[in-house]
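Nothing in this text is a laboratory measurement; each read-out follows from the coordinates by a stated rule. Remember, predicted model here, so these are calculated numbers, not experimental data. Cβ sites come from the backbone with ideal geometry, for glycine too, and all protein chains shown count toward neighbours.
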Amino acid sequence: MSVPKKRKSSSKTKKGRSGQALKKVKLMKCQKCGKPTRSHQVCQSCGTYKGKTVLKLKSKAKKPTK
């Protein structure tokens, strides 16, 4: 088995890992409510996926303000 001739410097190691950085989350508009949602995910506001209702979400009641 071969062995590397020289130790890899820290900058070379970090440059090699630069491609592993986090990518931005791509958002799309929901077909029903129009709010931004992640692609291939159920809409968190209306509970639909590809125009079909998948989840029954409870409506959030507003608290009365004083």
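Fully extended, how many nm does the chain gain between residue 26 and residue 58 (0.36 nm per residue separation, minus their Cα-Cα distance)?
That works out to 8.9 nm of additional length.
From the residues 28, 48, 64, which one has its Cα farthest along the dipole of region 20-66 in the positive direction, the dipole being from +1 and -1 charges on Cβ of Lys/Arg and Asp/Glu about the Cα centre?
So the residue we want is 64.
Starting at 0 and stepping by 5 Å, how many percent of the alpha carbon pairs of the chain end up in each bin?
Here the calculated profile for the chain is 3, 13, 13, 10, 8, 8, 7, 7, 7, 7, 6, 5, 2, 1, 1.
Using 26 Å as the Cα-Cα cut-off, could you pick out the over-long pairs in 23/58; 35/66; 23/62; 29/56; 23/50?
Beyond 26 Å between Cα atoms: 23/58; 35/66; 23/62.
How large is ³J(HN,Hα) for each residue in region 2-16, as worked out from phi by the Karplus curve 6.51 cos²θ - 1.76 cosθ + 1.60 (θ = phi - 60°), to whole Hz, x for Gly and Pro?
Calculated HN-Hα couplings, in order: 7, 10, x, 5, 10, 5, 6, 6, 5, 5, 5, 5, 5, 5, x Hz.
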